Amino acid sequence: MATISSLSSSSSSTKASSSLSTSTGIGGLVSGLDTDTIVDGLTLASRTKISKAQQKVDKLGWQQTAYRDVTTELKDFQSKYLDVLSGTNLTSTSAYNTVKASTTSLNVSATATSNAIAGSLTINKITQLAKNETIKSGEVSDGLKSSTSLTAYTDSDVSSLVSALTGKSIKMTLDGTVKTVTFDDTFVSNAGGTGATQATFLSAMQSKMDEVFGTSNSSSVVKATLSTDGNLTFAAAGSQLTVNALNSDKDTLTALGLTDGQTDKIKTTATLADLKLKTPLTGDSYSFSINSVDFKFSSTDSLSSIMDSINASDAGVKMAYSSTSDSLTLTANNGGSGDNIRVTDTDGLFAAFRLTTATGATTTAGQYATLTVNNQDITRSSNDFTIEGVKISLLNTATDESKISLKEDTSALKTTITNFVTDYNTLISSMNGLINETPDKDYQPLTTDQKADMSESAITAWEKKAKVGLLAQDNTLKSITSKMQSIMYSAGVKGGITLYNMGISSAGVDQKGKLTIDSDKLDTALSTLSSSSIKALFTTGTTGIANQLDSVITGAIKTSGAEGSRGSLVELAGYADTTSDTQNSISETITRSKKEIKDMNTALTKEHDHYWSKFTALETAMESLNSQSAMITSFSSGS
């Protein structure tokens with residue numbers, strides 16, 4: 001077979017000198033020597049060594065791409081059949097739920113689990129829904145009010161306040177919508193100007209709120225009123241209202257007795273010391289217990305951290321704050337009647353949160369769900385429960401029957417298993433194909449000079465042949481395929497079924513690990529074998545087929561973690577867009593080789609210049625000799 005070396009061995013080595021700087025010596029003008037050819041011949045060994053080194057680098061790059069292509073194929077297979085987010089995930093027990101539940105009732109919803117069997121369930125009646133005990137506070141925030149009492153102002157004080165506000169503005173935010181409130185001439189006039197009184201000022205402020213925020217059903221959206229202690233208060237029912245300085249003008253807020261960022265709801269991120277509560281806290285340390293679980297916090301802790309701590313504890317309750325109702329709620333995790341929330345408030349924190357009976361908290365008792373299923377009365381502490389392998393959610397009380405149909409439907413599982421085997425065959429065939437390819441040593445990576453003598457199509461055709469067998473008999477791939485093929489013939493549990501029992505068997509020795517499916521046998525297996533035995537084959541611990549495949553593939557393609565702890569293919573060739581892209585064996589070898597090639601090119605340049613300097617000296621000497629000879633001849637002729 002023709003090879004590049006036989007086609008252009010001499011020309012390529014000669015043309016390699018084109019990468020060197022243009023010769024500046026005297027090229028045989030006197031001696032008649034072909035200096036370029038002679039120097040190329042003298043540097044041939046060095047240039048050949050560089051070309052071979054570059055070919056090795058090119059080949060490593062091709063191998064790296066080939067390894068990464070395999071990694072991508074394995075990733076795609078894993079994502080489709082072994083990933084929890086996939087709808088065809090064979091490691092999930094839900095994939096083997098061949099019984100499907102359905103109901104036309106609006107009073108219940110039902111989902112079959114893998115333990116459900118074909119048939120039906122009848123919920124004769126739903127007498128009562130379960131409820132969780134709750135304790136709900138009243139409004140806990142002290143509201144958006146001024147720090148001073150307006151009722152303590154004289155008319156002169158009010159007039160001075162109006163004067164201080166004249167022409168000034170503040171920002172007010174209602175549920176995220178920011179408005180600018182300007183105390184213009186109309187406000188001053190409505191307030192009475194220099195003759196302002198408490199009543200006219202309050203009326204003018206309400207008119208300004210209506211102008212800025214409007215009204216709803218003839219009622220003010222934002223109301224300006226006086227609190228029981230005479231403080232100017234702003235409120236918006238069911239909404240959150242916040243004031244801020246406009247253009248850093250905090251003096252206007254100060255004149256109103258307000259602060260920048262003040263709101264009519266509590267900030268859950270604020271510390272207890274900074275909370276504006278209707279019932280002020282006293283002290284710096286607060287202890288309490290819920291359902292015999294003890295808690296202790298300080299004034300530097302935030303409300304959100306307290307709620308998080310309670311919710312993550314074993315107290316069996318959830319605590320939440322609603323900015324809509326400005327209330328705190330404790331809700332028992334479990335339904336059913338009885339004393340499910342028991343609070344001991346040692347230092348008055350829950351009193352300040354208005355979660356005690358004395359502070360007006362409202363308690364709603366829990367209750368059990370009571371219903372009749374298949375003419376059997378049952379009680380449950382939750383509206384969501386499982387009975388006879390069916391997850392049931394109660395939606396409404398009802399006196400009429402709710403029928404749940406449970407029918408066997410193996411079509412989805414059959415499709416998943418069939419596609420799984422098909423894609424497995426494609427994957428194993430691809431890897432075994434790479435392993436068993438026979439490389440043609442006559443086809444090596446082309447050098448730059450060799451490519452210069454060829455057309456694009458010829459280069460493409462050559463490199464296609466040169467890339468055959470890049471991973472021939474590769475031990476890493478052989479290890480992966482060997483493990484995968486072994487797994488496909490194993491049982492998930494000792495004495496359990498295998499893929500053979502489901503009509504899936506070897507396609508033959510000549511098919512190199514591929515499987516074949518007998519569709520009729522698969523149908524029979526899915527209809528006669530228990531779903532639990534099929535599930536066990538694929539999902540049992542570390543022995544299930546799907547779990548084992550996931551482990552093997554992860555061991556090959558894992559990209560996370562430090563170098564040395566990643567998958568075998570990733571350690572070898574890396575993977576794009578991860579830290580392993582450059583942190584891998586092949587990339588490191590390529591980097592070292594490129595440095596060596598750079599050093600060799602530097603040495604070649606010096607070698608080339610050295611020879612040229614010698615021939616230049618030769619030409620100069622011969623030119624001098626010829627001049628002397630001419631002079632002697634001239635003298636001889638003259639005598």
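The values are calculated or read from the model by the stated rules, or taken from the named source; none is laboratory data. These figures come from a predicted structure and were not determined experimentally. Neighbour counts are summed over all protein chains in view; Cβ atoms, including those assigned to glycine, are modelled from backbone coordinates with ideal geometry. Remember, those area values only see protein heavy atoms, side chains included, never the ligands or the DNA or RNA. Shrake-Rupley method; radii C 1.70, N 1.55, O 1.52, S 1.80 Å.
Restricted to the stretch 470-496, and to residues there that are of a type in the set (S, T, N, Q) and over 34 Å from the mean Cα position of the chain (by Cα), the residue that is nearest to residue 428 (Cα to Cα) is 473. Here is a check on your reading of the model: is residue 361 within 30 Å of residue 293 (Cα to Cα), surrounded by fewer than 20 Cβ atoms within 10 Å (Cβ to Cβ) and of a type in the set (A, V, I, L, M, F, W, C)? Taking the combined requirement at face value, the residue does not satisfy it. Return the residues of the stretch 529-540 that are in contact (Cβ under 8 Å) with a residue 24 or more places away in the chain, open to solvent by 30 Å² or more (accessible area, probe 1.4 Å) and either small (Gly, Ala, Ser) or within 17 Å of residue 489 (Cβ to Cβ) (or both); say none if nothing qualifies. Hits for the stretch 529-540 are 532, 533, 540. Only one entry of 572, 537, 549 meets the criterion of being farther than 30 Å from residue 410 by Cα and not in a loop (DSSP other than H, G, I, E, B), and that entry is 572.
For residue 481, the conditions (1) surrounded by fewer than 18 Cβ atoms within 10 Å (Cβ to Cβ); (2) out of contact with any Pro (no Cβ under 7 Å at 6 or more places or on another chain); (3) free of Cβ contacts under 8 Å to residues at least 60 places away in the same chain are fulfilled apart from (1). For residue 64, the criteria (1) surrounded by 15 or more Cβ atoms within 10 Å (Cβ to Cβ); (2) modelled with pLDDT under 90 hold in every case but one, which is (2). When restricted to residues that are in contact (Cβ under 8 Å) with a residue 60 or more places away in the chain and surrounded by fewer than 16 Cβ atoms within 10 Å (Cβ to Cβ), the stretch 564-599 contains 5.
In the stretch 202-279, counting only strands (runs of 3 or more DSSP E) that sit wholly within it, the ones holding 2 or more residues that are open to solvent by less than 20 Å² (accessible area, probe 1.4 Å) and at pLDDT 90 or above span 231-235, 241-245.
When we screen 193, 176, 167 for residues that are without any contact (Cβ under 8 Å) to a residue 40 or more places away in the chain and under 16 Å from residue 236 (Cβ atoms), the only hit is 176.
The condition (being without any contact (Cβ under 8 Å) to a residue 24 or more places away in the chain and surrounded by fewer than 13 Cβ atoms within 10 Å (Cβ to Cβ)) is satisfied by just one residue among 613, 624: 624.
Per this entry, residue 524 is not counted among residues that are closer than 30 Å to residue 442 by Cβ and assigned to a helix (DSSP H, G or I). For the stretch 544-563, a residue qualifies if it is over 21 Å from the mean Cα position of the chain (by Cα), under 22 Å from residue 417 (Cβ atoms) and open to solvent by less than 60 Å² (accessible area, probe 1.4 Å), and the qualifying residues are 544, 545, 546, 547, 548, 549, 552. Checking each residue in the stretch 484-513 for being in contact with a strand residue (DSSP E or B) (Cβ under 6 Å, 6 or more places away or on another chain) and not small (Gly, Ala, Ser) picks out only 504.
Entry remark, the stretch 157-168: residues being of a type in the set (A, V, I, L, M) and either open to solvent by 70 Å² or more (accessible area, probe 1.4 Å) or more than 13 Å from residue 196 (Cα to Cα) (or both) number 0 in total.
Could you please let me know if residue 156 is over 29 Å from residue 267 (Cβ atoms), more than 55 Å from the chain's Cα centre (by Cα) and part of a helix (DSSP H, G or I)?
yes
Number of residues in the stretch 502-528 that are modelled with pLDDT of 90 or more, farther than 30 Å from residue 435 by Cα, open to solvent by 40 Å² or more (accessible area, probe 1.4 Å) and not β-branched (Val, Ile, Thr) equals 4.
Within the stretch 470-522, the set of residues being on the phi > 0 side of the Ramachandran plot and in contact with a Lys or Arg (Cβ under 9 Å, 6 or more places away or on another chain) comprises 503, 508. From the list 442, 474, the lone residue that is charged (D, E, K, R) and open to solvent by less than 50 Å² (accessible area, probe 1.4 Å) is 474. Considering (1) under 41 Å from the mean Cα position of the chain (by Cα); (2) at pLDDT below 95; (3) among the β-branched types (Val, Ile, Thr), the lone condition that residue 178 does not fulfil carries the number (2).
In the set (1) assigned to a helix (DSSP H, G or I); (2) surrounded by fewer than 18 Cβ atoms within 10 Å (Cβ to Cβ), the condition left unmet by residue 497 is number (1). With respect to the stated conditions, residue 523 is among the acidic types (Asp, Glu) and in contact (Cβ under 8 Å) with a residue 40 or more places away in the chain.
All told, residue 146 meets the bar of being assigned to a strand (DSSP E or B) and over 45 Å from the mean Cα position of the chain (by Cα). Scanning the stretch 142-163 for residues that are without any contact (Cβ under 8 Å) to a residue 24 or more places away in the chain, of a type in the set (Val, Ile, Thr) and over 30 Å from residue 101 (Cα atoms) turns up at least one hit. Any idea which residue in the stretch 401-421 is nearest to the chain's Cα centre (by Cα), counting only those that are at pLDDT 95 or above and open to solvent by 70 Å² or more (accessible area, probe 1.4 Å)? For the stretch 401-421, the residue satisfying everything is 415. Of the listed requirements (1) within 30 Å of residue 401 (Cβ to Cβ); (2) touching a Gly at 6+ places or on another chain (Cβ under 9 Å), residue 71 misses just one: (1).
Out of 145, 125, 171, 100, I need the residue that is within 30 Å of residue 267 (Cα to Cα), open to solvent by 40 Å² or more (accessible area, probe 1.4 Å) and of a type outside the set (Gly, Ala, Ser). Which one?
Only one candidate passes the filter, namely 171.
For the stretch 379-400, the candidate set comprises residues that are of a type in the set (Gly, Ala, Ser) and under 13 Å from residue 126 (Cβ atoms); within that set, the residue that is surrounded by the most Cβ atoms within 10 Å (Cβ to Cβ) is 398. For the stretch 103-122, filtered to residues that are part of a loop (DSSP other than H, G, I, E, B) and open to solvent by 30 Å² or more (accessible area, probe 1.4 Å), the residue that is modelled with the lowest pLDDT is 115.
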